[in-house]
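The values are calculated or read from the model by the stated rules, or taken from the named source; none is laboratory data. Computed from a predicted model, the values in this text were never measured in an experiment. Glycine gets a Cβ as well: all are built from the backbone with ideal geometry, and neighbour counts include every protein chain shown. To get the accessible areas, we keep the full protein, side chains included, count just its heavy atoms, and leave off ligands, DNA and RNA. Shrake-Rupley method; radii C 1.70, N 1.55, O 1.52, S 1.80 Å.
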Amino acid sequence: MKKIDKIKNGFISRQFSIAKLAYKSGKNFLFSGDKTLKEKLKAGFEGQVDEIVHELGLMKGSIMKAGQMLSLHAGEFLPPEARNVLKSLENHTYYLDWEQIKGQVPKEWHEKLDIQRDPVAAASLGQVHIAIDKETGAKYAMKIQYEGVKKAIEQDVKALKMLLKMLNLLPKDVDLSLVFEEIKAMLYKETDYKNEAEATKRYAELTKDIDWVLTPDVIEEFCTDTVLTTTWMEGLPLRDEGITTLPQAARNELGANFMDLFLKEIYEWGVIQTDAHFGNFMVTPDYKKWILIDFGATKYASDSESKNYRDLITSCAYRDRDKFLGTVQDMGYLSKKNSTNQDTLWEYCELISEPFNQYPYNWGISDIPEKAMQMSQKLASDIDLGRPPGDTVFIDRKVAGVFHVLKHLGCVIDSKKLLANYIEDQSNTSQVC
């Protein structure tokens, strides 16, 4: 991590930074001639990696969050130049000097806590410091929000639209207003640390009887709207070499449990931790349990949202063409004015449902992203999108995150067998949120 002395949290400075990035990347993109999308993206990002990372690092907030979201959504779909940007955003995070952030912590707390000046982690909205209770010696994780990031959300979302338009990446005939509204709503939720405290406690209650999941306890005394303090969780980061070199059986068990947790969220709870960033998961030192440490992006899905997504997953997994096409239409993905080549759409469904139709499925060698990229232009020409539902954008993000976690583990599991447990139980399942 690299230390910075200030964040660009003023309206003018943030807008100027976005405009500068949009102009430089967009100019290369627009003047790249009759190239494929992949080649255009390469041209747009060519030579811009360091500057993009630097500018976004100085801005933090929702623009930085969008970059991290893209790293999960796009990942292997993008050319090396774009992946370098996203990799840099993930691995070379900037953190704010303690003198510039300590004012977010109530003064009276400093008498009770010994807070380390350097953070152990830094993200787009805040950074985490170790705090030691001077009386009991207890070790806490204190997440402190950057000043001004909440106020910048409205303008940051507008700036994001501008950047995407400048790069010509927004479909001209598709209304994405619901998607952007959902992104904005989630960002407001993620900057409300009292809301995250409640979500943390809610998730702990839901997982209390699962012996392979651990969550932190909230320390109410040291929580505000912009500071969240929890018990310190000792674990190994997901990228730890020891995890990826575990025996195959151990990685399979971790992967199966991770997939099972996602299915519980969708099919039983309707409570979904949607930010599946690698930094939000750890594994216990004995490699037996998952540790979950961030619940700011927890989504409480309505009955209709949960049903639609269950139907989507089930129809893909069981290759039910009629149910799949009907669900996609009902959710608003397809235009009601123009016709869609259903064969192309079904071909795409068959591709993305491969993990549920190969027994077992080897996630480590999955080439779904590459094949999907190859299909992208055909999809664009054959499918007329309607008004994509905003309420699924963060569930989509979780699905992408699950894919990348399982691929990283290189696990070989029977995903359909896991899913069958929940399909059989649907008649007796009700929402708990």
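List of remarks:
- Here Thr231 sits with roughly 40 square angstrom of accessible surface, probe radius 1.4 Å.
- Legend: distances between Cα atoms for Lys143/Lys289; Lys139/Lys208; Lys102/Lys161; pairs beyond 29 Å are Lys102/Lys161.
- Per-peptide average of other Cβ atoms within 10 Å, ordering 196-205, 142-151, 99-108, 278-287 highest first: 142-151, 196-205, 278-287, 99-108
- The translational diffusion coefficient of the range 321-368, from Stokes-Einstein at 37 °C and 0.692 mPa s with a Kirkwood hydrodynamic radius over alpha carbon pairs, comes to 266 µm²/s.
- For the range 250-335, projected area of the alpha-carbon convex hull averaged over all directions, nm²: 7.0 nm²
- The residues of the range 274-352 expose on average 45 square angstrom of accessible surface per residue, using a 1.4 Å probe on protein heavy atoms.
- Net charge over other residues, Cβ less than 12 angstrom from the Cβ of Cys223 (K, R count +1; D, E count -1): -4
- Per-residue ³J(HN,Hα) for the range 265-271, Karplus 6.51 cos²θ - 1.76 cosθ + 1.60, θ = phi - 60°, Hz, x for Gly and Pro: 4, 7, 8, 10, 8, x, 10
- Ordered from highest to lowest accessible area with the whole protein assembly present and a 1.4 Å probe, Tyr94, Tyr359 read as Tyr359, Tyr94.
- Sorted largest first, extent of the range 193-258 alpha carbons per principal axis (Å): 43, 25, 15
- The smallest convex shape that holds all Cα atoms of the range 292-418, its convex hull, gives 122 Å³ per residue.
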